[in-house]
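These notes are about the structure you will find just below.
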Amino acid sequence: MSIYLNKSTRAIIQGGTGKIGRVQAKWMRECGTNLVAGVTPGKGKTDIDGLPVYDCVFEAVEKHEANAAVLFTPAHFTKEAVLESIDAGIKLVVAIPEHVPIHDTMEMRRAAKAKGAVLLGPNCPGIITPEVGKLGIMPANLFKAGRIGLISRSGTLSYEAAGHVIMEGMGISTLIGIGGDPVIGTDIETILEEFEKDLETDAVVLVGEIGGSAEEQAAHFISRMKKPVVVYIAGKSAPEGRTLGHAGAIIRKGTGAVNSKIQVLSKAGARIAPAISDIPSILKTLSIICQ
Amino acid sequence: MNLLEYQGKKLFKESGIDVPNGEVVRSEEEAQKVFKKFPAGSAVKAQVHAGGRGKIGGVRLSRNEQELTVAVKTILGMEIKGQVVKEILLEEIIKIEKEFYMSFLVNSRNGNISFIFSTDGGMDIEEIAVKKPEKLFQWQISDISSVREYEIRNFLRNTGLYGNLLVETASVAYKLCCCFQKNDLILAEINPLVVTDNGNLMAADAKIEVDDNALYRHSEIQSLQQEAEDVFERQAKAIGISYVQMTGDVGIIASGAGLAMNSMDVLQSRGKKAANFLETGGGITADLIADSVELLLSNPSVNGILVNLYGGVNPMVEAAKGVIRGISNNMKNVAVVVKLLGNQQEAAWSILEEAGITIVKTVSTEKAVDLLLEKMEGRKAE
């Protein structure tokens with residue numbers, strides 16, 4: 001089954017006619033992703049390497065029964081594009097762009113909630129279900145299918161965590177990058193809930209980082225989960241008051257630091273990995289069969 | 001982007017919120033000239049991006065020219081939490097009856113806007129929360145564009161305000177709400193919001209944070225942006241990378257924020273410190289990597305460089321070419337290790353191998369760091 005992205009996914013790419021979008025569309029299709037169309041206003045009746053392009057999301061939905069969207073739009077146009085997809089009835093919207101204004105994200109988040117759509121991002125690497133496909137920018141060659149679910153705020157660090165898991169002979173059911181911005185489309189606990197229900201996931205790895213309180217908030221749900229959750233939090237060495245790359249990654253007056261997050265999560269029953277390379281050995285000690 | 005008090009007050013004024021009459025000065029002469037406009041004396045306030053300036057003498061009252069001279073001499077050039085005071089705000093002295101606290105801010109926990117109010121202002125909000133939690137009122141607003149003034153009035157009723165003061169306070173809150181929305185703010189705080197002796201409400205201070213990603217649609221605010229103080233951070237901005245100067249001797253270049261943070265953590269676990277945080281984001285070109293390597297090499301504290309990259313959206317072959325170009329001027333013989341994976345990894349590896357650069361082909365940042373530290377030790381021994 002995996003979560004969100006599976007064999008019944010029929011995805012469109014928004015902003016796929018640009019230089020980066022074209023390359024990413026090609027790579028997504030090469031690893032099996034079922035891309036059915038592209039949407040770029042003004043580029044209707046053209047194509048992306050044979051993929052039909054439309055001016056409106058509604059048209060792509062009418063003609064191809066699209067049910068998912070991945071966005072490579074410029075940051076300034078991302079809000080409109082996301083709202084259009086959600087309005088057209090798309091239920092999984094993956095917003096890759098970084099530098100989207102926070103007030104735009106708040107509006108996108110509200111719209112997704114109102115329509116029951118899942119919005120991943122913005123400022124995220126996307127989602128990959130190995131051997132099924134990906135809506136995002138992660139290097140597919142690094143992934144192998146398996147029974148570990150993975151949630152990460154950082155893109156690059158999710159690859160590193162997955163890499164360690166795979167190196168030790170396990171694999172990934174679905175990997176989701178939720179995004180590094182202070183406000184994001186979908187909360188960690190919503191995704192944990194999906195993994196808890198997923199028959200193809202045995203355990204979940206959560207890769208967090210300093211700043212905000214998304215990880216602490218997820219703790220409440222983790223304490224009620226049957227499936228084990230292994231957590232690594234990056235940023236032990238971060239100085240207070242400085243934003244490190246991700247706009248959300250800032251320690252403000254003692255809140256958002258690694259230690260306070262670890263305390264709350266470990267109390268909730270999560271297994272804490274002191275280093276990212278410790279994740280596989282902790283997974284192996286769990287009384288589940290991870291393959 | 002944080003605004004200075006006088007910049008924030010300008011936004012308030014534009015939004016219809018009253019602020020004390022005041023002017024910014026940058027020298028003693030200017031101060032003397034402006035002071036003539038305040039026959040009853042003036043407040044002399046240091047303009048820096050830091051809280052708590054009052055406690056360390058960054059705010060003074062001057063009743064006459066002698067006091068003004070002393071105040072300006074003391075404050076101008078003073079260092080407050082690492083920032084040198086270059087600008088001073090002179091303001092009319094206002095008679096204060098009451099002090100309130102009022103703010104709007106983005107709540108990253110739930111994507112809402114928090115409206116926070118207290119009839120006990122003047123101290124830090126953290127302090128109010130600890131000392132008088134019963135006096136702190138919070139309202140979670142999910143859609144700020146739909147807020148009406150009467151809703152705010154109805155909410156503020158809980159604080160015990162009534163009559164004219166309730167109406168006036170709600171009016172300021174509504175104006176602040178509009179200001180917050182219109183200017184893409186992350187934080188808009190008035191502390192204190194004062195009730196003057198003749199019953200008017202005035203913003204006696206302004207703390208505003210604007211969303212950097214939205215500056216493109218606020219050109220007047222963008223023009224206020226100050227140059228970063230640190231020379232490396234200034235150069236980094238020109239290159240187009242995210243950079244924070246640190247105190248160690250190992251330079252880091254990573255293709256993502258999480259990866260950069262993790263590299264710093266691994267160094268720390270080995271008893272070493274990073275010289276910097278550097279994240280390229282998704283816009284890697286050969287030039288960007290070459291410039292980044294050169295930037296780190298120009299930092300005299302750097303004895304080793306870890307390049308830690310994943311090619312998802314980033315072209316790894318270009319990155320490899322950039323590394324080679326960047327270290328061609330490696331006069332100090334700084335140790336370099338490149339860990340690079342993802343799209344085009346084989347092609348990128350062979351380019352680096354041909355140039356004799358040490359590479360790590362697994363996902364283990366630990367391995368790359370250990371290898372780098374070994375090489376750094378070796379260089380020291382030579």
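The values are calculated or read from the model by the stated rules, or taken from the named source; none is laboratory data. These figures come from a predicted structure and were not determined experimentally. Virtual Cβ from ideal backbone geometry, glycine too; neighbours counted across all protein chains shown. Quick note on the areas: whole protein, heavy atoms, side chains included, nothing else; ligands and nucleic acids left out. Shrake-Rupley method; radii C 1.70, N 1.55, O 1.52, S 1.80 Å.
Things to note:
- Members of segment B:111-127 found to be over 17 Å from B:Phe155 (Cα atoms), within 14 Å of chain A (Cβ to nearest Cβ) and open to solvent by less than 40 Å² (accessible area, probe 1.4 Å), listed by number: B:Gly111, B:Ile125
- Number of positions in segment A:34-48 that are touching a Lys or Arg at 6+ places or on another chain (Cβ under 6 Å) and either open to solvent by 30 Å² or more (accessible area, probe 1.4 Å) or polar (S, T, N, Q) (or both): 1
- Subset of segment B:270-282 that is in contact (Cβ under 8 Å) with a residue 24 or more places away in the chain and either open to solvent by 50 Å² or more (accessible area, probe 1.4 Å) or more than 12 Å from B:Gly248 (Cα to Cα) (or both) - its residue that is farthest from the chain's Cα centre (by Cα): B:Arg270
Every residue, every condition in (1) modelled with pLDDT under 95; (2) within 14 Å of another protein chain (Cβ to nearest Cβ); (3) at positive phi, yes or no:
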{"site": "A:Ile222", "(1), (2), (3)": "no, no, no"}
{"site": "A:Ser237", "(1), (2), (3)": "yes, yes, no"}
{"site": "A:Glu240", "(1), (2), (3)": "yes, yes, no"}
{"site": "A:Gly245", "(1), (2), (3)": "yes, yes, yes"}
{"site": "A:Ala249", "(1), (2), (3)": "yes, yes, no"}
{"site": "A:Val258", "(1), (2), (3)": "yes, yes, no"}
{"site": "A:Lys261", "(1), (2), (3)": "yes, yes, no"}
{"site": "A:Ile272", "(1), (2), (3)": "no, yes, no"}
{"site": "A:Leu283", "(1), (2), (3)": "no, no, no"}
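- Test result for A:Val229, modelled with pLDDT of 95 or more, surrounded by 20 or more Cβ atoms within 10 Å (Cβ to Cβ) and away from chain B (no Cβ under 14 Å): yes
- Taking the criterion of being among the hydroxyl-bearing types (Ser, Thr, Tyr) and surrounded by 18 or more Cβ atoms within 10 Å (Cβ to Cβ), the residues of segment B:283-317 that qualify are B:Ser292, B:Tyr310.
- Among the criteria (1) within 27 Å of A:Asp181 (Cα to Cα); (2) out of contact with any Lys or Arg (no Cβ under 9 Å at 6 or more places or on another chain); (3) away from chain A (no Cβ under 13 Å); (4) of a type in the set (A, V, I, L, M, F, W, C), the one B:Ile241 does not fulfil is (3).
- Where strands (runs of 3 or more DSSP E) sit wholly within segment B:204-263, those with at least 2 residues that are of a type in the set (Ser, Thr, Tyr) occupy B:242-245.
- Looking across segment A:30-81 at every residue that is of a type in the set (Asp, Glu) and at negative phi, the one that is farthest from the other protein chains (Cβ to nearest Cβ) is identified as A:Glu62.
Per-residue answers, yes or no, for (1) among the charged types (D, E, K, R); (2) in contact with a Pro (Cβ under 9 Å, 6 or more places away or on another chain):
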| position | (1), (2) |
| --- | --- |
| B:Asn198 | no, no |
| B:Met202 | no, yes |
| B:Glu209 | yes, no |
| B:His218 | no, no |
| B:Ile221 | no, no |
| B:Val231 | no, no |
| B:Gln235 | no, no |
| B:Ile239 | no, no |
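- A single entry from B:Leu259, B:Leu224, B:Leu185 fulfils the requirement of being out of contact with any Cys (no Cβ under 8 Å at 6 or more places or on another chain) and more than 30 Å from B:Val369 (Cβ to Cβ): B:Leu224.
- For segment B:186-203, the set of residues classified as in a loop (DSSP other than H, G, I, E, B) and acidic (Asp, Glu) consists of B:Asp197 only.
- Where A:Gly212 falls short, out of the listed (1) open to solvent by less than 30 Å² (accessible area, probe 1.4 Å); (2) within 11 Å of chain B (Cβ to nearest Cβ); (3) on the phi > 0 side of the Ramachandran plot: (1)
- With respect to (1) out of contact with any Asp or Glu (no Cβ under 9 Å at 6 or more places or on another chain); (2) within 9 Å of chain B (Cβ to nearest Cβ); (3) modelled with pLDDT of 95 or more, the lone exception for A:Gly116 is condition (2).
- Any chance B:Asp197 is surrounded by 13 or more Cβ atoms within 10 Å (Cβ to Cβ) and either in contact with a Lys or Arg (Cβ under 9 Å, 6 or more places away or on another chain) or within 14 Å of chain A (Cβ to nearest Cβ) (or both): no
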